[in-house]
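J.: This structure is in structure tokens; I'll ask about it shortly.
The values are calculated or read from the model by the stated rules, or taken from the named source; none is laboratory data. Predicted model only: the values in this text are computed from it and were never measured. All Cβ positions, even for glycine, are placed from backbone atoms using ideal geometry, and neighbour counts span all protein chains on display.
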Amino acid sequence: MPISLCAPSWAGAFVNCYEDVASFYSPDVCFADARRYLEKELQERGRDTATGLAALDNLSGTVQVVDRALYGDFEQLARERIEIRDPDDWPEVAMALLLDLPIWTEDQDLFGSGVATWTTDRVELFLR
């Protein structure tokens, strides 16, 4: 089962657990945002940034990163669907439209976008 991903940081263990039965995709911008956020958080907590960023890089080997050049054609439609919630989430919606996939997320801004959204507990129930 292919699933698009816009999920919390602990999602790596979950993805690794189910990588043999599902395919996961994420817009490139999500990894760029996660990288910036993770580096900042690790620095503020006095943790090793190299180890944290290596874990993120490892996740990008399991989750297929989708380049904006592919989902960009869906930007306008995605923005129209998400504009009243959070217009910054358009890449997730555009990628889901491009690939005709549901979105795995805990972000309620994506609910009601016209794309199926699944929370972690529903994804796990389905994949078991």
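For every residue, the table says whether it meets (1) under 17 Å from the mean Cα position of the chain (by Cα); (2) over 20 Å from Leu127 (Cα atoms); (3) surrounded by fewer than 18 Cβ atoms within 10 Å (Cβ to Cβ).
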| residue | (1), (2), (3) |
| --- | --- |
| Val29 | yes, yes, no |
| Gln43 | no, yes, yes |
| Arg47 | no, yes, yes |
| Asp57 | yes, yes, yes |
| Arg68 | yes, yes, yes |
| Asp73 | no, yes, yes |
| Pro91 | yes, yes, no |
| Thr105 | yes, no, no |
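J.: Here's another thing I want to ask about it. Look through the range 22-43, keep the residues that are assigned to a helix (DSSP H, G or I) and of a type in the set (A, V, I, L, M, F, W, C), and return whichever of them is nearest to Gly61 (Cα to Cα).
T.: Phe31
J.: Kindly indicate whether Asp89 is of a type in the set (Asp, Glu), in contact with a helix residue (DSSP H, G or I) (Cβ under 6 Å, 6 or more places away or on another chain), in a helix (DSSP H, G or I) and over 18 Å from Gly12 (Cβ atoms).
T.: yes
J.: Identify the residue in the range 14-27 that is at pLDDT 85 or above and among the polar types (S, T, N, Q) and, among all such residues, is farthest from the chain's Cα centre (by Cα).
T.: So the residue we want is Ser23.
J.: Does Arg122 satisfy the criteria of being outside any loop (DSSP other than H, G, I, E, B) and over 14 Å from the mean Cα position of the chain (by Cα)?
T.: yes
J.: Regarding the range 63-78, can at least one residue be identified that is touching a Phe, Trp or Tyr at 6+ places or on another chain (Cβ under 7 Å), modelled with pLDDT under 90 and of a type in the set (Val, Ile, Thr)?
T.: yes
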